[in-house]
Structure formats: C-alpha cells, structure tokens
Amino acid sequence: MESSPLVDVLIAGAGPCGLLLANDLARRRGGLKLRVIDAAEGPSVHTKAMAVQIKTLEIYDDLGLSERAIEEGLVLKGTRVVWGRGQEVQMALRQIPDQSPLPGMLIFPQFQNENMLIDSLERYGRKGLVEYSTKLVGFEKVTRAASSGGEDHILCHCERGGEAFSVKTRFLVGAEGAHSVVRKTLGLAFDGKKFEEEFLLCDCEIEKADAAESGGRYLEPGDMLSFLDGTLFVAFPYKWGGYRIVMTRSEERMGKEATMEEVQKVCDLLPTKLAVKNPRWISPFRIHSRVVDQFGDLERVFLVGDAAHIHSPAGGQGMNTGLQDSYNLGWKLWLACQSKASAALIKSFSLERQPIGRTLIRTTDTAFSAVAGSSVMFRMLRSVMFSALGRKFLLPEVERRIPQLVAQLWISYRSGPLALSVLPRKFFGSWPLQAGDRLPFLKLEKGTTTLDLVRGPHFTVLFLASSTAAAEELCSEVVLKQLEVLKEGAGLKSFLLSCHQDCRGPPGIESLAIADPADFKRKFGGITDGMLLVRPDKYIGYMEALGMKSRLSEYLERLFKP
Ligand SMILES: Cc1cc2nc3c(=O)[nH]c(=O)nc-3n(C[C@H](O)[C@H](O)[C@H](O)COP(=O)(O)OP(=O)(O)OC[C@H]3O[C@@H](n4cnc5c(N)ncnc54)[C@H](O)[C@@H]3O)c2cc1C
C-alpha cells in the first residue's frame, strides 16, 4: 500500500467548511504541508445552502472575498408573508449598518460559494489543491513510540479509483459532512432527532398565472415569499430570477417522488394565482438536528461543519455555523503546526464551538417548529403571531429583530476558556462588551473602521486612551515586551484609539480618532482607558481597564507553549 511523507494537515471533505479552512491555513506564512481530499468526482453543482449571513461575510471580508460574494449573490430585501384566507403583510428585512458595513442576508448558492473558495486557493499558490475522487475510509492514531522515534501522528486510510493508500498527517480535520468517517471512527455519538415532517425543495421559476393580462410581478426583486398556513411554503429569490422553494409535503405524498404538480397544488392555495415552471432541481428531503458532545479528540483530530452538527434550515444558520467552526479552528491549528499552541488553545476549539452548535440546534428547532410544526400548540402559536402581524403593531419590532437574530453577530465566547476580562468588579455584570465578544464595528477617522484594523491573519492590540498620559501608561515598555510573543506567533498589529484628536501613542503605534464617541460609549461601555487583545478570528481574547492589576502575561501563557 502506497504511503506518503508526513503532512501537517489533512482535510477530509471539500465542502464549504473544508474549503474555508484550507483557505485560512493556506494564507498563513510558513507554507504548511496541506492536503484536501474529497470523495466526489468534482466540485458540487447543487445550490443547497443559499443564505450567507453577515458574520460569514465578515469572514469573507477578512479573506478578501466579500466583494465577489456580494457581486454574485443577491441581498434579501424583505418577505411577503401570507396566511389564512388571503391575509398578507409586506415585511422589510433591514440592514444593520450600525453593527456591520456588510449587507445581510445574502442569497448565494452553495456551488458558487464553493467555486469562489476553490478559485481563491490559487492566490496562495494552491491551485488544484483538492484531490477529488479520493475518499477517507478510516484512520488510526500512531504514537511516537510506535512510530519508532518519529512524532505522534495520524495514519489515514484512503481510497482512489479502487486503490488503497495511506497518508501520514500531524492533524486531521473531518469536514466530510453528516456521514463523517472521522466522527464515526472517533466513536462520537451524534445525538438528536429526525423531524416527523418530510420536505421538498425545488429550484424553479415562479410567475403570476395571468401575467400576460395583468402584467407586473408578484414579488419585487430581492423579496421572498413566506406562505405559512398549516403548510410551510417559502420561496427565496435567486439572482438569475428564479426561486428556491422549500415546502412541507402532505401525508399522502411522503416517501414518493417529488413532482411539480405537488408544488403547484400548494401554490394554488395562495390568494394570487401563481404558476411554477422550468424546474432545475427538485428533491424531497428529511431534516435532522444533531450535535456531537466534542468536536474531535481535543488533540490531533477535529470536526467542523455538518460532521459535527446538523440543523433545520430555519434562518439559514447551518452552513454559516460550520464556516465559523473552520474560522475558529484555522489560527489555532496553524499555531499547533508551528508547535507554538498550548494544549489549552487546541482544546478551546471544541469548548468554544460545541456550545454554539448546541444553542443553534435549540433555537433553529424552535423557530422551525413555530413556522412548520403540525402540533396543535404550534398552530395556536402561529395564529397569535399572525393576528399580531395582521394588526401591524408588532411589525417594526419583527423587522428590526429578525435581521439581528440571523446575522450571527451576537455569537460570543465569553464563557469559554480563552476569554479574560480584567475590569472594575462593580460594573462587571453591566459591561456591554467583555472578553469573548466579537470586536464591535466602529467608525474611525479618515473613513477607516475597526474592520480595517483587524483584517488579516494576525492578532491585533487596541489601546483605548482618553489622554496622551494614559496612552503612555498603557503602551509601557513592559506591556510591549510581553506582546512580542504574538509577533512571533501569528503576527501582531497595534493601534491607539481615542475620542480625542490630539491623543497620540508612542512611535510605532498608529493613532486613530474615533469618529462617533457616543457610538463608542454605547458599544464599549465605561472603558475609556484600557486595552483589548483581538484574536485572529476577530473575537476579543483579553480586555483590561487601566488601573486594574494586569493579567496579560497569564493570558498569553494560556495561548502559547512555554
Ligand atoms: C438539499 C440540501 C439543501 C440545503 N439547504 C440549506 C439551506 O438552505 N441553508 C443552510 O444553512 N444549509 C442548507 N443545507 C445544509 C448545508 O448544505 C450544509 O450545512 C453544508 O453543506 C455543510 O458544509 P460541510 O462543508 O460541513 O459539508 P458538506 O457540504 O456536506 O461537504 C462534505 C464534503 O465531503 C465529501 N465527503 C463525504 N464523505 C467523504 C469521505 N469519506 N472522504 C472524503 N470526502 C468525503 C463530500 O463529497 C462533500 O464534498 C442543505 C443541504 C442539503 C443536502
């Protein structure tokens, strides 16, 4: 059996999550020995997940890909909600420019998303990195003793064209979707449930049945349709003019082949007569919601995306959550490959991401049952919701909340092992910002924003100062020396931010004025003088207010090997 030389990382699965991780590793210096294998014959051609949330667009912005995604995708503007006997309401899905400059939610079919990530690998000299028709069939852990003096590694058993071969790798990532071989080989349970209902998806065109006489269109460009009355029927707009329909199937259709007649029959219940035609993809599907207790073995083997958690499609969260797994893992895995990561840093991947996966299962299950559940309780809940929507008093609140909820900007690792806040105790519970939170979006002078400061694979330190004296104290030689370890790690950029134009930091630290002090106070709370250490995945790791006893060196020891 052929066996290759030792590689740093083998990624099994080139779906969106495997490809994002490959990009994040490939862009970092040091030229990692990286292999990506995929069982399929070539890139996927299916639209599958289409909703790209703002948090994901921020990741794409970091990788220099957001412009292409926005150019090729379609920003969802609103939804027409229809229920009962022809009642309907037009609901806007508002942007949240005070929280992120990126638009949400973007309709960007999965195959286009994957193609973008494949093309992007070329920028790092990794064209043709994905080895298709190559399947992982199992693996075993080999200890240093057993490898006669070498290092601990993973021996992966693969198959290509009927030929078996093995790959030796220091780290293995299972990104091979819901039927993950890596997860099964680790013996991790995939607990959860299968929804009773059966669903159908269909990519097709929708037009008014009497379009020739009445002219005009039923839905405005960028609008979706949500028909929620005993059955679920949702149509998302594609940039090419067609729609993705997702609907519940009637009991008599369950288990049978999906047909356009079935889709048309539900359409006929709408107050406006619509015709569905020219299907590009039509398929029945079942929904599971499951999550593993641990995203790998916490040492050398990791799980990302559907291999670790699968969700109902409510709110378009599934793929987005998986992409964030990869983004959380990328910098940690790179440091592990450089033999710089502490054991705690490697373990933190699962400890931070598993609770997010579990929370999303809970919230998407509830949301999905609320709109599609067939029990009496959910039917009653829907009728209360609709009557409030019908009277429109809830509408502005719903329009404001839904985009915030699905954007995933609220995700925080506050209770994870890598968050350390050193803030005055009396304010502690009420600080709007703490270590573990995403770095808030803030406008700075000359049209720059906090997003510009952190863009790239490095750590970022932000000193916040209300005077030059405070700036000098914050940027002391002792602190700057302690931070050196980050330069040797993933790299470091430091900035001084102040609400006062004349406040300047020491040479070598760029000073920038905060454009809107009121916005700063709202997002950062009472901290006027202090420092934030922002991780390469743009979450605040360490946060300290000036005057508190510093725990910076203790924090850095958590991240790096002695
Ligand atoms: C019909 C359908 C519709 C969906 N709609 C939505 C939606 O609207 N919104 C949403 O958020 N999510 C949706 N999803 C889910 C979404 O597609 C997944 O969350 C997303 O694809 C997960 O990405 P991934 O990279 O983890 O895994 P996958 O996309 O499943 O990729 C896994 C890759 O691993 C490869 N592979 C499998 N086994 C092996 C092996 N043994 N060795 C090597 N390679 C292997 C596969 O060929 C594949 O390329 C949908 C899924 C389906 C099937």
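Structural remarks
- Residues (touching an Asp or Glu at 6+ places or on another chain (Cβ under 9 Å) and at pLDDT 90 or above) located in segment 80-105: 98, 100, 101, 102
- Condition met for residue 344 (assigned by TED's automatic domain parsing to the domain that holds residue 11, away from the ligand (no atom under 16 Å from the Cβ), surrounded by fewer than 18 Cβ atoms within 10 Å (Cβ to Cβ) and in contact (Cβ under 8 Å) with a residue 60 or more places away in the chain): yes
- Of the criteria (1) among the hydrophobic types (A, V, I, L, M, F, W, C); (2) at pLDDT 90 or above; (3) surrounded by 13 or more Cβ atoms within 10 Å (Cβ to Cβ), which one residue 240 fails: (3)
- Filtering 383, 339 for residues that are assigned to a loop (DSSP other than H, G, I, E, B), among the small types (Gly, Ala, Ser), over 14 Å from the mean Cα position of the chain (by Cα) and away from the ligand (no atom under 16 Å from the Cβ) leaves a single hit, 339.
- Any hit, segment 203-216, residues being within 25 Å of the chain's Cα centre (by Cα) and within 15 Å of the ligand (Cβ to nearest atom): yes
A quick yes/no check of all residues on (1) in contact with a Ser or Thr (Cβ under 7 Å, 6 or more places away or on another chain); (2) surrounded by 15 or more Cβ atoms within 10 Å (Cβ to Cβ); (3) over 17 Å from residue 97 (Cα atoms):
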{"residue": "395", "(1), (2), (3)": "no, yes, yes"}
{"residue": "403", "(1), (2), (3)": "no, yes, no"}
{"residue": "409", "(1), (2), (3)": "yes, yes, no"}
{"residue": "413", "(1), (2), (3)": "no, yes, yes"}
{"residue": "453", "(1), (2), (3)": "yes, yes, yes"}
{"residue": "465", "(1), (2), (3)": "yes, yes, yes"}
{"residue": "471", "(1), (2), (3)": "no, yes, yes"}
{"residue": "476", "(1), (2), (3)": "no, no, yes"}
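- Any hit, segment 190-213, residues being in contact with a Leu (Cβ under 9 Å, 6 or more places away or on another chain), modelled with pLDDT of 90 or more and under 24 Å from residue 362 (Cα atoms): yes
- Any chance residue 300 is in contact with a strand residue (DSSP E or B) (Cβ under 9 Å, 6 or more places away or on another chain), open to solvent by 10 Å² or more (accessible area, probe 1.4 Å), of a type in the set (Lys, Arg) and modelled with pLDDT under 95: no
- Residue check, residue 249 among the basic types (Lys, Arg), closer than 22 Å to residue 369 by Cβ, away from the ligand (no atom under 11 Å from the Cβ) and not assigned by TED's automatic domain parsing to the domain that holds residue 325: yes
- Taken together, 333, 389, 323 contain a single residue that is within 13 Å of the ligand (Cβ to nearest atom), open to solvent by less than 50 Å² (accessible area, probe 1.4 Å) and either in contact (Cβ under 8 Å) with a residue 40 or more places away in the chain or in a loop (DSSP other than H, G, I, E, B) (or both), which is 323.
- Hey, residue 56 surrounded by 18 or more Cβ atoms within 10 Å (Cβ to Cβ), under 18 Å from the mean Cα position of the chain (by Cα), not in a helix (DSSP H, G or I) and not assigned by TED's automatic domain parsing to the domain that holds residue 536 or not: no
Residue by residue, here is whether (1) open to solvent by less than 10 Å² (accessible area, probe 1.4 Å); (2) touching a Leu at 6+ places or on another chain (Cβ under 7 Å); (3) within 24 Å of residue 312 (Cα to Cα); (4) in contact (Cβ under 8 Å) with a residue 24 or more places away in the chain holds:
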{"position": "33", "(1), (2), (3), (4)": "no, no, no, yes"}
{"position": "38", "(1), (2), (3), (4)": "no, no, no, yes"}
{"position": "42", "(1), (2), (3), (4)": "no, no, no, yes"}
{"position": "45", "(1), (2), (3), (4)": "no, no, yes, yes"}
{"position": "51", "(1), (2), (3), (4)": "no, no, yes, yes"}
{"position": "89", "(1), (2), (3), (4)": "yes, yes, no, yes"}
{"position": "92", "(1), (2), (3), (4)": "no, no, yes, yes"}
{"position": "96", "(1), (2), (3), (4)": "no, no, no, yes"}
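- Residues within segment 226-246 that are under 26 Å from the mean Cα position of the chain (by Cα), away from the ligand (no atom under 15 Å from the Cβ) and within 13 Å of residue 270 (Cβ to Cβ), tallied: 0
- Selection from segment 407-459 of residues that are in a helix (DSSP H, G or I) and within 18 Å of residue 514 (Cβ to Cβ): 445, 446, 447, 450, 451, 452, 453, 454
- Unmet requirement for residue 370, which otherwise passes all of (1) modelled with pLDDT under 95; (2) surrounded by 17 or more Cβ atoms within 10 Å (Cβ to Cβ): (2)
- Only one of 9, 82 that is surrounded by 18 or more Cβ atoms within 10 Å (Cβ to Cβ), within 16 Å of the ligand (Cβ to nearest atom) and in a strand (DSSP E or B): 9
- Options 165, 171; residue that is under 20 Å from residue 303 (Cβ atoms) and aromatic (Phe, Trp, Tyr): 171
- Residue satisfying all of: in segment 495-529; open to solvent by less than 20 Å² (accessible area, probe 1.4 Å) and part of a helix (DSSP H, G or I); modelled with the lowest pLDDT among these: 524
- Here is the figure for segment 540-562: residues that are among the aliphatic types (A, V, I, L, M), in a helix (DSSP H, G or I) and crowded, with 19+ Cβ neighbours inside 10 Å total 2.
- Residue, nearest to the ligand (Cβ to nearest atom), within segment 141-200, restricted to residues that are open to solvent by less than 30 Å² (accessible area, probe 1.4 Å) and among the aromatic types (Phe, Trp, Tyr): 199
The values are calculated or read from the model by the stated rules, or taken from the named source; none is laboratory data. For clarity, every value in this text was computed on a predicted model and none was experimentally measured. Neighbour counts are summed over all protein chains in view; Cβ atoms, including those assigned to glycine, are modelled from backbone coordinates with ideal geometry. All accessible areas refer to the heavy atoms of the entire protein, side chains included, with ligands and DNA or RNA removed. Shrake-Rupley method; radii C 1.70, N 1.55, O 1.52, S 1.80 Å.
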